[in-house]
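Let me begin by presenting the structure, written as structure tokens, before commenting on it.
The values are calculated or read from the model by the stated rules, or taken from the named source; none is laboratory data. These numbers come from a predicted model, not from an experiment. FYI the Cβ positions are ideal-geometry reconstructions off the backbone, even for glycines, and counts take in every protein chain you see.
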Amino acid sequence: MMTPILQTAAPFPRTPKRSLRSLSLSALSFSVLLAWTIGLQWAGGAYRAEFSGYPDEPAHYVSGLMVRDYVAAGFPVSPLKYAEDYYMHYPKVAFGMWGPLPHLAEGIWMLVFSWSRTSILLMMAVVTTVLAYTLSQVLWTEFSYIAGLAVGMALVAVRFVQLYTGMVMADNLCALFDFLAILSFGRFLASDRRRDAVFFGLFACLSVLTKGNGIALALVPPFGVLITRRFDLFKRLNFWIPAVMVVAVAGPWQYISSRLLSGIATRVVDWRIAAAYGPMFVSILGPWLLPVVLVGIYDRVIVPFRHKAVQSTWAAAAALLPAFWVFHGLVPSASAEERYVIAVVAPLLMFFTAGVAKIAALIPTTQISYRIKASALAVLAALIFTGTSFGIPQKQSYGFSEVAQYITSRPDAPESVMLISSEAFGEGIMIAEIAMRDHRPGLIVLRATKLLARLNWVGEKYELLYRTPEETMARLQEIPVRFLVVDKTPGLHPIPHHQNILKMLAMYPDRWQPLGIYPQKVPVTASNCKIEVYRLIGAENRPRSKIRLDLRYSLGRFIEQ
């Protein structure tokens, strides 16, 4: 007899017997999900584009690359000294701005495999696949193998899950640890065992050490207790073990990170930020499928709540939803961002699956089997999702990879100084592309926003340091800057130091030799993309002066070399 697409709920948790058939099906499920994830990455252009998906992406890549190089070099100096020296060459190191775990994981992955774009994006694919696979295993246990695999594929296909799987970002990893944490907390609600409490604490620590958003897990236990009415747990020592673990293990790093972040962005508490997450929740599956999710919540939480019988894993999954909303609504932040919502995609898909099962069971037709009704509903839901919410977001290419290949292949590139100026996100993209190809440490890459101006991480508190094109020219000659890369991709608004560079090039055409306009060969997907490369004539005959970078917004001091 064939396994039904969805079957009525069995007591949970019940794991499939680890027979050879079960292990084979698990391996097949993981393989299918990984292939699906990589296929969507490829279709979205991730393997062909630069690290251009989000302004933080180059910093994540360069920080992981720094960890890799530090270990490969045999820990030559203190970590802080190495990081400062690395920043002088590739000024997109942001170790400490987020938790250390993503960059440590990237560094280890790059040591074992490589630091190529393909390699690191495969790591991102594995992270998303493990999240989807874990969800599929939960649903296989509760419903059926096919249901678990199908919903796991649906998770990968959610638009912003796709989007951030195609980037070197920390959000999918944070969502994975969040989901593993609530599964562990669900087991604890059912067992009261110390082991389950420790696992919840462990995954919560890993989530917080990935991103500060993981602190939302601190609200899962109180909401979980409220949903299950297990108020006696407040009196149990095991209940408080996870809190002690997070404070002891992740607390010190979070304190350091919050100190570093305090000066780089304006963060506020605003009800509009919390309200903005509502449409983002709806956009996961789209408004047409939201009622199915609500049916699942009604069936698995609201109805059993009346009888004090909410099953523990469903209670933990439900607890993450208000925990996420309350945390992101009350904690000061710059804005609401859909990448944070990835943390609740797996729980919402659990309730979606439960909703399909409940609706199938309620259809009064007795002549049609439950299996056929559930299968028809699943197909209908898939068609609705495909027609209303599914799409493959495209990652943009600008041509910086071609510029980086040209500069790093020049015989006069080693130990040279290069300046990149952009009114868009070109600085970070250029630095990551250079670092990927350079014989590290080789080129010294300077950012115009750090050398010619002063501003915080998000571009606030701007201060122009060299007010005229003449002053800008004098500073670049003093260093001297051998290569100048000017990104003419339009930004949101003109930036004074970038405009001074453009005027300087027009005023001193005899000092700057044009080397090329890019892209020349690489097809780009961004409109109005134009990158110009220049060489300062005579710079090769002058010794380099001391370079001093202002990092008072982050480290609280200058660094120089």
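Taken over the stretch 44-80, the criterion of being surrounded by fewer than 15 Cβ atoms within 10 Å (Cβ to Cβ), in contact with a helix residue (DSSP H, G or I) (Cβ under 9 Å, 6 or more places away or on another chain) and in a helix (DSSP H, G or I) is satisfied by V71, A72, P79. Within the stretch 348-406, being under 23 Å from A132 (Cα atoms), charged (D, E, K, R) and assigned by TED's automatic domain parsing to the domain that holds P291 holds for one residue alone: K358. The set of residues from the stretch 309-366 being more than 21 Å from L173 (Cβ to Cβ) and among the hydroxyl-bearing types (S, T, Y) comprises S312, T313, S335, T353, T365, T366.
Does L465 satisfy the criteria of being within 29 Å of D69 (Cα to Cα) and out of contact with any Gly (no Cβ under 7 Å at 6 or more places or on another chain)? Answer is no for this residue. Looking at the structure I just gave you, is M88 more than 27 Å from L202 (Cβ to Cβ) and not aromatic (F, W, Y)? It is true that M88 is more than 27 Å from L202 (Cβ to Cβ) and not aromatic (F, W, Y).
Considering the stretch 219-261, and only residues there that are of a type in the set (D, E, K, R) and touching a residue at least 40 places away in the same chain (Cβ under 8 Å), the residue that is nearest to A94 (Cα to Cα) turns out to be R236. The set of residues from the stretch 185-214 being buried (at least 22 other Cβ atoms within 10 Å of the Cβ), part of a helix (DSSP H, G or I) and in contact with an Asp or Glu (Cβ under 9 Å, 6 or more places away or on another chain) comprises F185, G186, F188, L189, F203, A204, S207, N213, G214.
Screening the candidates V126, V138, V151 for the property of being over 21 Å from the mean Cα position of the chain (by Cα), within 19 Å of S207 (Cβ to Cβ), of a type outside the set (D, E, K, R) and assigned to a helix (DSSP H, G or I) yields one hit, V138.
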